[in-house]
Amino acid sequence: MTLSCEAFAKVNRSLTVLGRRADGYHELDTLFQTIGLSDVLELREADVLELTCDDATLPAVEENLVVRAARALAENARIPPRASIRLVKRIPAGAGLGGGSADAAATLLGLRALWGLPLDVAALGKIAARLGSDVPFFLAGGLARGTGRGERIAPLPDPPVEWLVLLSPPFALSTPAVYARLAQMREASLTAVAPASNLPGSDLGPFPDRNDLEPAAESLRQEVRFLRELLLGAGAVSARLSGSGSTVFGIFTSEEAAHGAARGLPGLPAGTAVRVVPTLPRADFLRRATPRPVEDR
Ligand code: C5P
């Protein structure tokens with residue numbers, strides 16, 4: 001039997017970085033939102049654990065996260081990690097879109113089904129949190145508030161679908177490097193520590209339009225600021241860095257407005273990938289992230 005599922009990307013609709021913790025991580029208050037951009041995973045039984053990818057340049061982080069997720073799940077279930085996993089990579093890596101984390105969560109969901117494990121989402125969530133701060137979100141999808149390292153997830157009701165223009169420059173940004181730069185800048189008082197956040201719990205209301213990692217990312221790569229300005233100039237109601245970058249996304253009032261803006265971005269730096277995607281509501285996420293049998297090739 002071969003199972004297939006989609007691993008969706010996210011943007012951080014807002015991201016407040018509070019203090020640095022004793023364990024070196026930063027305390028976050030963030031809103032994750034899944035978007036209509038996905039990798040595809042195909043999983044089938046095998047004698048060993050193997051991963052193949054259509055993209056020969058499969059980033060080491062992505063590969064590690066899929067393999068680590070498979071091993072962690074097998075260890076938890078006390079079974080040998082036997083599966084052949086094929087990954088069709090469409091989410092750019094090192095882009096702040098959670099590609100590696102999404103793949104890891106999809107691996108947990110896919111192998112739970114393939115191996116017939118009686119684990120609920122809470123049990124998967126514990127394994128997910130050990131794999132990376134963003135991984136638990138990708139078990140829930142839709143819009144969700146993340147606190148702690150970002151691993152404590154509270155799902156929120158879906159807001160109306162929005163259309164985004166994603167600009168992914170031809171360079172990755174390293175998450176540890178961006179957080180380290182932020183810590184450095186805060187120590188030198190170049191940028192303020194965010195005040196305690198007042199993000200609402202269950203009703204969305206007005207939430208902060210901010211990403212506190214932007215000054216750090218922009219200090220590492222000034223192109224990031226240019227891309228945000230480009231989107232604002234093209235009529236975006238907001239333009240933000242996603243996560244620790246390098247992708248920036250602009251929010252538009254309609255699909256037409258997003259496509260129109262994407263077609264006419266003056267001075268777009270060479271090598272920048274442009275994508276127009278809708279936000280992905282939870283029900284659509286859950287349907288398409290659920291592993292389903294496909295014809296064996
Ligand atoms: O949890 P994850 O492995 O994705 O985190 C990667 C790195 O990002 C951490 O090692 C840390 O440097 C930084 N980070 C942080 N605070 C967070 C999440 C990540 O400082 N809440």
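The values are calculated or read from the model by the stated rules, or taken from the named source; none is laboratory data. The structure presented is a predicted model; accordingly, all values stated were derived computationally and were not measured. In this analysis, Cβ positions are derived from the backbone assuming ideal geometry, glycine residues included, and neighbour counts consider all displayed protein chains.
So the values come out like this:
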item: Residue that is nearest to Phe252 (Cα to Cα) [pool: residues in region 155-191 that are among the β-branched types (Val, Ile, Thr), more than 12 Å from the ligand (Cβ to nearest atom) and touching a helix residue (DSSP H, G or I) at 6+ places or on another chain (Cβ under 7 Å)]; result: Val165
item: Conditions (1) of a type outside the set (Asp, Glu); (2) surrounded by fewer than 23 Cβ atoms within 10 Å (Cβ to Cβ); (3) modelled with pLDDT of 95 or more; number of the one not met by Thr57; result: (3)
item: When residues of region 136-152 are limited to those that are without any contact (Cβ under 8 Å) to a residue 40 or more places away in the chain and within 23 Å of Gly19 (Cα to Cα), the one nearest to the ligand (Cβ to nearest atom); result: Glu151
item: Residues being in contact with a Pro (Cβ under 8 Å, 6 or more places away or on another chain) and of a type in the set (Asp, Glu) - total across region 249-297; result: 1
item: Unique residue being surrounded by fewer than 23 Cβ atoms within 10 Å (Cβ to Cβ), of a type outside the set (Lys, Arg), in contact (Cβ under 8 Å) with a residue 12 or more places away in the chain and within 16 Å of the ligand (Cβ to nearest atom) when the list is Gly99, Gly24, Gly19; result: Gly19
item: Pair list, Cβ under 7 Å, 6 or more apart: region 104-123 residue farther than 15 Å from Val67 by Cα, other residue buried (at least 24 other Cβ atoms within 10 Å of the Cβ) and polar (S, T, N, Q); result: none
item: Residue within region 64-71 that is basic (Lys, Arg), surrounded by fewer than 23 Cβ atoms within 10 Å (Cβ to Cβ), more than 20 Å from Ile35 (Cβ to Cβ) and free of Cβ contacts under 8 Å to residues at least 12 places away in the same chain present; result: no
item: Test: Gly110 is touching a Phe, Trp or Tyr at 6+ places or on another chain (Cβ under 6 Å) and either modelled with pLDDT under 95 or crowded, with 23+ Cβ neighbours inside 10 Å (or both); result: no
item: Selection within region 195-237 - among the aromatic types (Phe, Trp, Tyr) and at pLDDT below 95; result: Phe207
